[in-house]
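Everything on this sheet refers to the single structure shown next.
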Amino acid sequence: NGHGGALCLQVGTNYLSDCNFDFNEAETFGGAIYTRNSQHEYLTRCNFDTNIVRSPSGGGRSMRIYREPNVVITDSSFIDRGYLLLQNGHEGKISNCQESNDGYKVSGVGLIMTSSTVLLSNTSLEGSCESIYAYKSYVNFTGNSKFIEIDNERSKAPSALYILQSTVSIDGICEFMNNTAVSGGAIHAAESRLDVNGELVVANNRALDNGG
């Protein structure tokens with residue numbers, strides 16, 4: 001069905017640790033891994049590099065996670081552009097992970113969440129042209145998360161963190177520094193709620209249109 005270049009996981013509980021997923025390809029979803037209707041997904045110390053999705057209407061170059069009640073990703077790195085697509089999940093936890101610049105400046109969103117509840121702890125996007133997008137979701141930032149030097153000028157993405165009809169709670173330290181986007185160089189919130197209970201650091205961001 002064109003899903004999951006390396007692994008297609010459906011139903012059950014899956015544990016993956018100390019794995020490298022490199023140069024995998026899928027036609028539509030999940031360049032490396034595609035999961036659907038599983039009970040639990042646990043990834044620890046996994047690395048994703050240069051995985052691709054062929055179809056422009058597809059997504060999740062590293063992983064596409066669909067209808068998962070419990071997703072836990074820890075101590076992992078993503079060099080794929082548009083790396084993680086989390087859809088219609090009940091609860092996800094992403095800790096100590098980093099998406100870094102692979103040397104290319106192309107369009108794409110790093111982490112997409114729709115109708116999901118996601119805890120992001122000590123997770124960073126640095127030096128890439130991608131962002132985090134949340135739609136009808138709840139996102140909670142804990143620990144120290146960083147969005148640094150994300151350049152969306154060419155991709156025309158709205159901001160480093162774009163939230164639509166969602167609630168974002170910042171309970172730790174969240175830093176937005178030296179980012180460039182179309183509107184809201186750091187954060188673009190539409191029909192959403194932003195609660196800052198911790199520390200929000202916003203400095204040296206630039207918007208091409210509105211809201212630097």
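The values are calculated or read from the model by the stated rules, or taken from the named source; none is laboratory data. Model, not experiment: these values are computed from the prediction. All Cβ positions, glycine included, derive from the backbone under ideal geometry; neighbour counts span all protein chains shown. The area values use the complete protein model at the heavy-atom level, side chains included, leaving out ligands, DNA and RNA. Shrake-Rupley method; radii C 1.70, N 1.55, O 1.52, S 1.80 Å.
Of the set (1) in contact with a Pro (Cβ under 6 Å, 6 or more places away or on another chain); (2) modelled with pLDDT of 80 or more; (3) surrounded by fewer than 19 Cβ atoms within 10 Å (Cβ to Cβ), all apply to residue 183 but (2).
Output the residue which, of all residues in region 190-207 that are modelled with pLDDT of 90 or more and of a type in the set (A, V, I, L, M, F, W, C), is surrounded by the fewest Cβ atoms within 10 Å (Cβ to Cβ). Residue satisfying both the conditions and the ranking: 203. Selection within region 33-76: residues that are of a type in the set (Lys, Arg) and at pLDDT below 85. The member of this set that is most open to solvent (accessible area, probe 1.4 Å) is 54.
Every test in (1) in a loop (DSSP other than H, G, I, E, B); (2) at pLDDT 65 or above; (3) within 11 Å of the chain's Cα centre (by Cα) is passed by residue 86 save one, and that test is (1). For region 124-160, a residue qualifies if it is at pLDDT 80 or above, open to solvent by less than 10 Å² (accessible area, probe 1.4 Å) and β-branched (Val, Ile, Thr), and the qualifying residues are 132, 139. Among residues that are surrounded by 18 or more Cβ atoms within 10 Å (Cβ to Cβ) and touching a residue at least 12 places away in the same chain (Cβ under 8 Å), residue 173 is not included.
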